[in-house]
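Novice: Supplied in structure tokens, the structure appears directly below.
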Amino acid sequence: MKKKKILICLAGGIALYKAAPVIRQLLKNDLAIKVAMTPTAEKFVSALTFATLIKQKIYRQQDWFESEKVLHVFLADWADEIIVIPATANLIAKMATGLADDLVSAILLAANCPKYIVPAMNEKMLLNAATQRNLAWLKKNGVNLMPTSRGLLAEGYAGRGRLPEPAAILAWLSDCQLAKQDLKGKKVLVSAGPTVEAIDPVRYLTNHSSGKMGYAIAEVAQERGAQVTLVSGPTKLSPPQGVALIPVTTALQMQAELENHYEAADYVIMAAAVADYRPVRAAQQKIKKGTDKINLPLVRNPDILFELGQKKRQQVLVGFAAETQQLLVNAQEKLFKKKLDLLVANDVARQDIGFGSNENEVYFLSPTSSPLHLAQTSKQQVAEKLFDLLLAMTKRK
């Protein structure tokens, strides 16, 4: 059996030293490995270090001009997969825009094989709109991106953009290989975002939900092979590519669309923050200021999650509990009251993981096991863990 051929592209960053233990471990997996370095990478760690590690030639910028082969095309064609570590903001920008002004960027432009990149940079560079746009473009076009870690940066303060530890990188690479299409053939129904209940043509009742968690769930499900329907209240987010988006505004509209798609679904994940109440009657005209007080009669919206639980057949039903106090107590009550297979609980009183944030810290609760804590991480990683648990649950049934 032929060995899988892995080309590792090394870019210049302070965290480059972490690539060495990653390569050392990959060598134990019976892989054929070649390494290419950018000129900047050689300023941080010498090519000799990696040549000693893999016991063969390292491809450097000077080889591009001295080789008898069209070197960047040769290496691009040779590789079954390419790993970029660390992927700097500069190299990510080159990949997203098709710039090929050195050996490594030319290889990446010429290669048609799967690419796995591990970004690392200062938090301000990571969160810059240009970098976010470049990362989004790469992801949309099939490049596999590892989420960055939060921790002490080279500048001496904590933030996002830190290169994950070698063990985490290796685990992610393994997951990318082994769990890519494990939802193939499954239908996943996701709700996301807030609902909006009109008071008059100008004002409304709603909540702070951004929809980011639900959209991350839909995106991960689609990437893992599922057919995904996303019923979403109003958000500022773009729907993930390949996901069927059904936009709604009110709780009643959301209920109707979820019920329309519920019967065919294998997994139903209710991440939306549905308004508990709505005005009895929305005013036809803007309510003018008059007295110091106003009476606004409200009526209870349907408990969509509860009603879906009563109708459950083959569906695996997941709910979310956004709490500000007694997190696990309230979550346990909701889990059993609504006949859920899994409940994801988080503390929205915390600003770093509350509504609108890019990260979350959650507990997963099921009727048959103790709560499982997932430390603060990206919402994409929460979604990945969610589906890992759901697939494990369904295998046991």
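Laboratory data are not the source of any read-out in this text; all were calculated from the coordinates shown. Quantities reported herein were computed from a predicted structural model and do not represent experimental measurements. Because the Cβ atoms are built from the backbone with ideal geometry, glycine has one as well, and the counts that use them run over all protein chains shown.
Novice: For the range 200-212, take each phi angle, set θ = phi - 60°, evaluate the Karplus expression 6.51 cos²θ - 1.76 cosθ + 1.60, and give the result in whole Hz per residue in order, putting x for glycine and proline.
Specialist: My calculation for the range 200-212 gives 8, x, 10, 10, 7, 9, 7, 9, 8, 4, 8, x, 4 Hz in order.
Novice: Relative to the longest principal axis of the chain, what angle (0 to 90°, nearest 10) does the C-alpha long axis of helix 379-396 take?
Specialist: 80 degrees
Novice: Once the Cα atoms of helix 129-140 and of the chain are each reduced to a long axis, what angle between those two axes, in degrees from 0 to 90 to the nearest 10, is obtained?
Specialist: 90 degrees
Novice: Order of 10-18, 80-88, 307-315, 258-266 by packing, highest average Cβ count within 10 Å first? Working shown, then result.
Specialist: Values: 10-18: 21.7, 80-88: 23.8, 307-315: 14.0, 258-266: 16.0.
So the peptides 10-18, 80-88, 307-315, 258-266, ranked by packing, come out 80-88, 10-18, 258-266, 307-315.
Novice: Could I ask something else about it? Which ³J(HN,Hα) values in Hz, rounded to whole numbers, follow from the phi angles of the range 269-281 under the Karplus curve 6.51 cos²θ - 1.76 cosθ + 1.60, where θ = phi - 60° and Gly and Pro get x?
Specialist: So the J values, rounded to whole Hz, are 10, 9, 9, 5, 9, 7, 4, 6, 9, 9, x, 4, 8.
Novice: Per residue, what volume in Å³ does the Cα convex hull of the range 5-178 take up?
Specialist: Looking at the range 5-178, the number lands at 107 Å³ per residue.
Novice: Would you mind checking the pairs LYS124/LYS385; LYS187/LYS338; LYS236/LYS311; LYS18/LYS55; LYS34/LYS115; LYS337/LYS379 and listing those with alpha carbons more than 24 angstrom apart?
Specialist: In this structure, LYS124/LYS385; LYS236/LYS311; LYS337/LYS379 lie more than 24 Å apart at Cα.
Novice: While we're looking at this one, here's another question. What does the convex hull of the Cα atoms come to per residue for the range 1-67, in Å³?
Specialist: 82 Å³
Novice: Treating the range 187-396 as a set of equal point scatterers at the Cα positions, no solvent, please give the Debye-formula log₁₀ I(q)/I(0) at q = 0.13, 0.17 Å⁻¹.
Specialist: Scattering profile of the range 187-396, log10 relative to I(0): -0.71, -1.18.
Novice: Would you calculate, for the chain, the mean residue ellipticity at 222 nm contributed by helices, counting each DSSP H stretch of 4 or more residues as -39,500 (n - 2.57) and dividing by all residues, to the nearest 500?
Specialist: About -10500 deg cm²/dmol.
Novice: Hey, another quick one. Take peptides 102-108, 90-96 and line them up by average Cβ neighbours within 10 Å, highest first, as a rough protection proxy.
Specialist: Ranked by mean Cβ neighbours within 10 Å, highest first: 102-108, 90-96.
Novice: Provide the FRET efficiency to the nearest 0.05 for the ASN330-THR291 pair, computing r from the beta carbons and using R0 = 35 Å.
Specialist: 0.40
Novice: Which whole-number percentage describes the relative contact order of the chain, with Cα contacts under 8 Å and a sequence gap of 6 or more?
Specialist: Dividing the mean separation by the residue count of the chain yields 10 percent.
Novice: As an exercise, use a Förster radius of 22 Å and the Cβ-Cβ distance of PHE74 and LEU109 to find the FRET efficiency, rounded to the nearest 0.05.
Specialist: Numbers: r = 14 Å, r/R0 = 0.63.
Given R0 = 22 Å and the Cβ-Cβ separation, E is 0.95.
Novice: Cα convex hull of the chain: how many Å³ per residue? List each step's numbers first, then the result.
Specialist: Numbers: hull volume 69.3 nm³, N = 397.
Convex hull of Cα atoms, per residue: 175 Å³.
Novice: Using the Kirkwood radius over Cα pairs, work out the Stokes-Einstein diffusion coefficient for the range 312-376 at 10 °C and 1.306 mPa s, in µm²/s as a whole number.
Specialist: 131 µm²/s
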